[in-house]
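Asks: Here it is, the structure in full.
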Amino acid sequence: GENVEQHPSTLSVQEGDSAVIKCTYSDSASNYFPWYKQELGKGPQLIIDIRSNVGEKKDQRIAVTLNKTAKHFSLHITETQPEDSAVYFCAASKSNYQLIWGAGTKLIIKP
Amino acid sequence: ETGVTQTPRHLVMGMTNKKSLKCEQHLGHNAMYWYKQSAKKPLELMFVYSLEERVENNSVPSRFSPECPNSSHLFLHLHTLQPEDSALYLCASSQDAAGPQHFGDGTRLSIL
(Lines give C-alpha, C1' and ligand atoms only; values in the text may rest on other atoms or scores of the structure.)
Protein backbone atom coordinates (compact mmCIF):
# COMPACT_ATOMS: atom_id res chain seq x y z
CA GLY A 1 0.00 0.00 0.00
CA GLU A 2 0.92 3.66 0.07
CA ASN A 3 3.67 4.62 2.46
CA VAL A 4 6.07 7.42 3.31
CA GLU A 5 9.55 6.69 4.64
CA GLN A 6 11.26 9.38 6.70
CA HIS A 7 14.94 9.62 7.67
CA PRO A 8 16.67 10.01 10.00
CA SER A 9 14.59 9.09 13.04
CA THR A 10 16.82 11.28 15.22
CA LEU A 11 18.99 14.21 14.15
CA SER A 12 21.32 16.14 16.41
CA VAL A 13 22.91 19.34 15.10
CA GLN A 14 24.91 22.20 16.57
CA GLU A 15 23.05 25.46 17.05
CA GLY A 16 23.56 27.60 13.98
CA ASP A 17 24.15 24.65 11.65
CA SER A 18 21.67 23.37 9.06
CA ALA A 19 19.37 20.37 9.40
CA VAL A 20 17.98 18.26 6.57
CA ILE A 21 15.20 15.67 6.88
CA LYS A 22 14.32 13.45 3.93
CA CYS A 23 11.15 11.62 2.90
CA THR A 24 10.32 9.20 0.13
CA TYR A 25 6.78 8.43 -1.00
CA SER A 26 5.47 5.45 -2.92
CA ASP A 27 2.35 6.70 -4.72
CA SER A 28 3.25 8.70 -7.83
CA ALA A 29 -0.26 10.23 -7.80
CA SER A 30 0.59 12.16 -4.61
CA ASN A 31 0.44 15.88 -5.27
CA TYR A 32 0.58 17.61 -1.87
CA PHE A 33 3.43 17.41 0.65
CA PRO A 34 3.12 19.16 4.03
CA TRP A 35 5.65 19.28 6.86
CA TYR A 36 4.59 19.48 10.49
CA LYS A 37 6.43 20.35 13.70
CA GLN A 38 5.23 18.82 16.96
CA GLU A 39 6.44 20.12 20.30
CA LEU A 40 5.96 18.26 23.56
CA GLY A 41 2.35 18.40 24.74
CA LYS A 42 1.15 20.04 21.53
CA GLY A 43 -0.51 18.96 18.33
CA PRO A 44 1.33 18.96 14.98
CA GLN A 45 1.75 22.45 13.54
CA LEU A 46 1.99 22.99 9.79
CA ILE A 47 5.28 24.76 9.03
CA ILE A 48 5.52 24.55 5.25
CA ASP A 49 3.93 22.67 2.37
CA ILE A 50 4.52 22.18 -1.35
CA ARG A 51 2.40 21.03 -4.25
CA SER A 52 3.62 18.88 -7.12
CA ASN A 53 3.72 21.71 -9.66
CA VAL A 54 6.53 23.38 -7.70
CA GLY A 55 10.09 22.14 -7.14
CA GLU A 56 11.08 24.31 -4.19
CA LYS A 57 9.49 26.61 -1.64
CA LYS A 58 11.12 28.77 0.99
CA ASP A 59 9.87 30.59 4.08
CA GLN A 60 12.62 32.42 5.99
CA ARG A 61 14.90 29.71 7.49
CA ILE A 62 12.78 26.82 6.25
CA ALA A 63 12.72 25.36 2.74
CA VAL A 64 11.22 22.29 1.12
CA THR A 65 12.39 20.66 -2.10
CA LEU A 66 10.51 18.13 -4.20
CA ASN A 67 11.87 15.68 -6.76
CA LYS A 68 8.84 14.08 -8.40
CA THR A 69 10.89 11.76 -10.59
CA ALA A 70 12.64 10.21 -7.61
CA LYS A 71 9.59 10.63 -5.35
CA HIS A 72 11.70 12.41 -2.75
CA PHE A 73 11.04 15.56 -0.76
CA SER A 74 13.17 17.19 1.90
CA LEU A 75 12.93 19.78 4.67
CA HIS A 76 15.86 22.14 5.12
CA ILE A 77 16.27 24.30 8.23
CA THR A 78 19.14 26.80 8.19
CA GLU A 79 20.73 28.65 11.13
CA THR A 80 19.08 26.31 13.61
CA GLN A 81 17.98 27.69 16.98
CA PRO A 82 17.07 25.97 20.28
CA GLU A 83 13.37 26.52 19.58
CA ASP A 84 13.68 24.34 16.47
CA SER A 85 14.02 21.30 18.74
CA ALA A 86 10.89 19.18 18.17
CA VAL A 87 9.61 16.16 16.25
CA TYR A 88 9.09 16.83 12.54
CA PHE A 89 6.69 14.85 10.35
CA CYS A 90 6.41 14.71 6.59
CA ALA A 91 3.27 13.58 4.79
CA ALA A 92 2.01 12.97 1.27
CA SER A 93 -1.50 13.26 -0.11
CA LYS A 94 -3.52 12.87 -3.31
CA SER A 95 -5.74 15.72 -2.14
CA ASN A 96 -8.39 13.23 -1.05
CA TYR A 97 -8.51 14.08 2.68
CA GLN A 98 -5.98 11.32 3.44
CA LEU A 99 -2.46 12.22 4.52
CA ILE A 100 0.09 9.38 4.49
CA TRP A 101 2.50 10.19 7.31
CA GLY A 102 6.17 9.52 7.90
CA ALA A 103 7.23 8.13 11.26
CA GLY A 104 8.80 11.39 12.43
CA THR A 105 12.26 12.83 13.07
CA LYS A 106 13.32 14.03 16.49
CA LEU A 107 15.48 17.10 15.95
CA ILE A 108 17.84 18.05 18.77
CA ILE A 109 19.63 21.39 18.65
CA LYS A 110 22.81 21.34 20.77
CA PRO A 111 23.80 24.69 22.34
CA GLU B 1 -10.82 31.75 20.27
CA THR B 2 -8.98 30.73 17.14
CA GLY B 3 -7.81 27.42 15.70
CA VAL B 4 -8.84 23.95 16.83
CA THR B 5 -9.75 23.31 20.47
CA GLN B 6 -9.96 19.87 22.07
CA THR B 7 -11.39 18.92 25.45
CA PRO B 8 -10.54 17.38 27.76
CA ARG B 9 -6.74 17.55 27.47
CA HIS B 10 -6.32 14.45 29.62
CA LEU B 11 -8.68 11.56 30.30
CA VAL B 12 -8.26 8.45 32.42
CA MET B 13 -11.00 5.86 32.18
CA GLY B 14 -11.72 2.25 32.99
CA MET B 15 -12.49 -0.29 30.31
CA THR B 16 -16.20 -0.28 31.12
CA ASN B 17 -16.67 3.50 31.16
CA LYS B 18 -18.32 5.66 28.52
CA LYS B 19 -16.80 9.03 27.75
CA SER B 20 -16.69 11.52 24.88
CA LEU B 21 -13.95 13.65 23.36
CA LYS B 22 -14.90 17.04 21.95
CA CYS B 23 -13.36 19.11 19.18
CA GLU B 24 -14.30 22.59 17.99
CA GLN B 25 -12.80 24.50 15.09
CA HIS B 26 -13.00 28.27 14.68
CA LEU B 27 -11.45 28.40 11.18
CA GLY B 28 -14.60 28.15 9.06
CA HIS B 29 -13.41 24.85 7.60
CA ASN B 30 -15.67 22.24 6.00
CA ALA B 31 -13.80 19.04 6.90
CA MET B 32 -12.88 17.60 10.30
CA TYR B 33 -10.75 14.61 11.24
CA TRP B 34 -9.95 12.27 14.14
CA TYR B 35 -6.44 10.81 14.36
CA LYS B 36 -4.79 8.41 16.81
CA GLN B 37 -1.14 9.04 17.69
CA SER B 38 0.75 6.23 19.42
CA ALA B 39 4.41 6.25 20.38
CA LYS B 40 6.81 5.40 17.56
CA LYS B 41 4.04 4.99 14.97
CA PRO B 42 2.84 7.28 12.17
CA LEU B 43 -0.39 9.14 12.79
CA GLU B 44 -3.40 6.95 12.07
CA LEU B 45 -6.44 8.51 10.42
CA MET B 46 -9.62 7.27 12.09
CA PHE B 47 -12.50 9.31 10.66
CA VAL B 48 -13.11 12.16 8.23
CA TYR B 49 -16.22 14.31 7.96
CA SER B 50 -16.95 16.79 5.17
CA LEU B 51 -19.94 19.09 5.59
CA GLU B 52 -21.12 16.80 8.40
CA GLU B 53 -21.08 13.68 6.21
CA ARG B 54 -18.62 10.90 7.00
CA VAL B 55 -16.28 10.39 4.02
CA GLU B 56 -13.65 8.07 5.51
CA ASN B 57 -13.74 5.34 8.12
CA ASN B 58 -10.45 3.50 8.23
CA SER B 59 -11.44 0.15 9.77
CA VAL B 60 -11.84 1.57 13.25
CA PRO B 61 -13.34 -0.70 15.96
CA SER B 62 -16.97 0.02 16.79
CA ARG B 63 -16.02 0.97 20.35
CA PHE B 64 -15.11 4.33 18.77
CA SER B 65 -18.16 6.22 17.53
CA PRO B 66 -17.83 9.63 15.85
CA GLU B 67 -20.47 12.33 15.68
CA CYS B 68 -20.43 15.56 13.66
CA PRO B 69 -23.50 17.68 14.47
CA ASN B 70 -22.28 20.65 12.41
CA SER B 71 -19.18 21.74 10.52
CA SER B 72 -17.61 23.32 13.62
CA HIS B 73 -17.98 20.46 16.10
CA LEU B 74 -16.78 16.88 16.18
CA PHE B 75 -17.14 14.29 18.92
CA LEU B 76 -15.60 10.89 19.52
CA HIS B 77 -17.70 8.68 21.77
CA LEU B 78 -15.75 5.99 23.62
CA HIS B 79 -17.18 2.77 25.04
CA THR B 80 -15.59 -0.41 26.39
CA LEU B 81 -12.08 0.56 25.39
CA GLN B 82 -9.01 -1.67 25.62
CA PRO B 83 -5.59 -0.86 27.12
CA GLU B 84 -4.11 -0.64 23.60
CA ASP B 85 -6.43 2.30 22.94
CA SER B 86 -4.32 4.45 25.25
CA ALA B 87 -2.87 7.16 22.98
CA LEU B 88 -3.05 10.82 22.03
CA TYR B 89 -6.22 11.54 20.06
CA LEU B 90 -5.90 14.48 17.71
CA CYS B 91 -8.58 16.45 15.94
CA ALA B 92 -7.88 18.42 12.77
CA SER B 93 -9.78 20.52 10.25
CA SER B 94 -9.25 21.63 6.67
CA GLN B 95 -11.08 23.78 4.16
CA ASP B 96 -11.49 20.89 1.71
CA ALA B 97 -9.96 17.60 0.58
CA ALA B 98 -6.83 19.29 -0.75
CA GLY B 99 -6.33 21.92 1.92
CA PRO B 100 -3.77 21.88 4.71
CA GLN B 101 -4.95 20.26 7.93
CA HIS B 102 -4.79 22.23 11.17
CA PHE B 103 -4.54 20.30 14.42
CA GLY B 104 -5.66 20.74 17.99
CA ASP B 105 -3.38 19.84 20.90
CA GLY B 106 -5.05 16.50 21.47
CA THR B 107 -6.58 14.50 24.30
CA ARG B 108 -4.17 12.20 26.14
CA LEU B 109 -6.26 9.08 26.85
CA SER B 110 -5.22 6.43 29.36
CA ILE B 111 -7.21 3.21 29.75
CA LEU B 112 -6.83 1.44 33.08
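Asks: Would you point out the residue of region B:75-112, among those that are away from chain A (no Cβ under 14 Å) and under 10 Å from the mean Cα position of the chain (by Cα), that is nearest to residue B:36 (Cα to Cα)?
Replies: My answer is B:76.
Asks: Output yes when any residue across region A:60-77 is open to solvent by less than 50 Å² (accessible area, probe 1.4 Å), within 26 Å of residue A:94 (Cβ to Cβ) and polar (S, T, N, Q), and no when none is. Give the steps one after another, and end with the answer.
Replies: Residues of region A:60-77 open to solvent by less than 50 Å² (accessible area, probe 1.4 Å): A:62-66, A:70, A:73-75, A:77.
Cutting the leftovers down to within 26 Å of residue A:94 (Cβ to Cβ) gives us A:62-66, A:70, A:73-75.
Subsequent filtering for residues that are polar (S, T, N, Q) retains A:65, A:74.
Yes: region A:60-77 contains one or more residues that are open to solvent by less than 50 Å² (accessible area, probe 1.4 Å), within 26 Å of residue A:94 (Cβ to Cβ) and polar (S, T, N, Q).
Asks: While we're on this one: Name the pairs: first residue in region A:67-80 and on the phi < 0 side of the Ramachandran plot, second residue acidic (Asp, Glu) and assigned to a loop (DSSP other than H, G, I, E, B), Cβ to Cβ under 8 Å, at least 6 apart or on different chains?
Replies: A:80/A:15; A:80/A:17
Asks: Which of the residues that make up region B:79-99 are free of Cβ contacts under 8 Å to residues at least 60 places away in the same chain and of a type outside the set (Ser, Thr, Tyr)?
Replies: Taking region B:79-99 first, the residues free of Cβ contacts under 8 Å to residues at least 60 places away in the same chain are B:84-88, B:98.
B:84, B:85, B:87, B:88, B:98 - these are the residues of region B:79-99 that are free of Cβ contacts under 8 Å to residues at least 60 places away in the same chain and of a type outside the set (Ser, Thr, Tyr).
Asks: Here's another thing I want to ask about it. Pick from B:64, B:47: which is open to solvent by less than 30 Å² (accessible area, probe 1.4 Å), touching a helix residue (DSSP H, G or I) at 6+ places or on another chain (Cβ under 9 Å) and without any contact (Cβ under 8 Å) to a residue 60 or more places away in the chain?
Replies: Working: B:47 fails: touching a helix residue (DSSP H, G or I) at 6+ places or on another chain (Cβ under 9 Å).
From the options B:64, B:47, the qualifying one is B:64.
Asks: Which condition number does residue B:37 fail, the rest of (1) of a type outside the set (Lys, Arg); (2) on the phi > 0 side of the Ramachandran plot; (3) surrounded by 16 or more Cβ atoms within 10 Å (Cβ to Cβ) being met?
Replies: If we test residue B:37 against (1) of a type outside the set (Lys, Arg); (2) on the phi > 0 side of the Ramachandran plot; (3) surrounded by 16 or more Cβ atoms within 10 Å (Cβ to Cβ), just (2) comes out false.
Asks: In region B:4-19, which residues are open to solvent by less than 60 Å² (accessible area, probe 1.4 Å) and modelled with pLDDT of 95 or more?
Replies: Residues satisfying the conditions are B:4, B:5, B:6, B:8, B:11.
Asks: Test residue A:45 against the criterion of being open to solvent by 40 Å² or more (accessible area, probe 1.4 Å), under 19 Å from residue B:94 (Cβ atoms) and of a type outside the set (Phe, Trp, Tyr), and give yes or no.
Replies: Working: open to solvent by 40 Å² or more (accessible area, probe 1.4 Å): yes; under 19 Å from residue B:94 (Cβ atoms): yes; of a type outside the set (Phe, Trp, Tyr): yes.
Yes, satisfied.
Asks: Name the residue, out of B:32, B:15, that is within 11 Å of chain A (Cβ to nearest Cβ) and hydrophobic (A, V, I, L, M, F, W, C). Lay out the reasoning, then the answer.
Replies: Values: B:15 fails: within 11 Å of chain A (Cβ to nearest Cβ).
The conditions single out B:32.
Asks: How many residues, within region B:96-112, are in a loop (DSSP other than H, G, I, E, B) and polar (S, T, N, Q)?
Replies: Step one: list which residues in region B:96-112 are in a loop (DSSP other than H, G, I, E, B), which gives B:96-101, B:104-106, B:112.
From the residues that got through so far, the ones that are polar (S, T, N, Q) too are B:101.
Matching residues across region B:96-112 total 1.
Asks: Okay, next question. With the condition kept exactly as written, say whether any residue in region A:87-107 is within 14 Å of another protein chain (Cβ to nearest Cβ), in a strand (DSSP E or B) and surrounded by fewer than 16 Cβ atoms within 10 Å (Cβ to Cβ). Give the derivation first.
Replies: First, pick out the residues of region A:87-107 that are within 14 Å of another protein chain (Cβ to nearest Cβ): A:87-106.
Now drop any that are not in a strand (DSSP E or B), which leaves A:87-93, A:99-101, A:105-106.
After this cut, where a residue has to be surrounded by fewer than 16 Cβ atoms within 10 Å (Cβ to Cβ) as well, the list is A:106.
The answer is yes; a qualifying residue exists.
Asks: Please enumerate the residues belonging to region A:2-59 that are in contact with an Asp or Glu (Cβ under 6 Å, 6 or more places away or on another chain), within 13 Å of another protein chain (Cβ to nearest Cβ) and in a strand (DSSP E or B).
Replies: Scanning region A:2-59 gives A:34, A:48.
The values are calculated or read from the model by the stated rules, or taken from the named source; none is laboratory data. Bear in mind the structure is a predicted one, so any value in this text is a computation, not a measurement. Ideal geometry is used to build each Cβ from the backbone, glycine not excepted, and the neighbour counts take in all protein chains shown. Just so you know, the surface numbers come from the protein's heavy atoms only, side chains and all, with ligands and any DNA or RNA stripped out. Shrake-Rupley method; radii C 1.70, N 1.55, O 1.52, S 1.80 Å.
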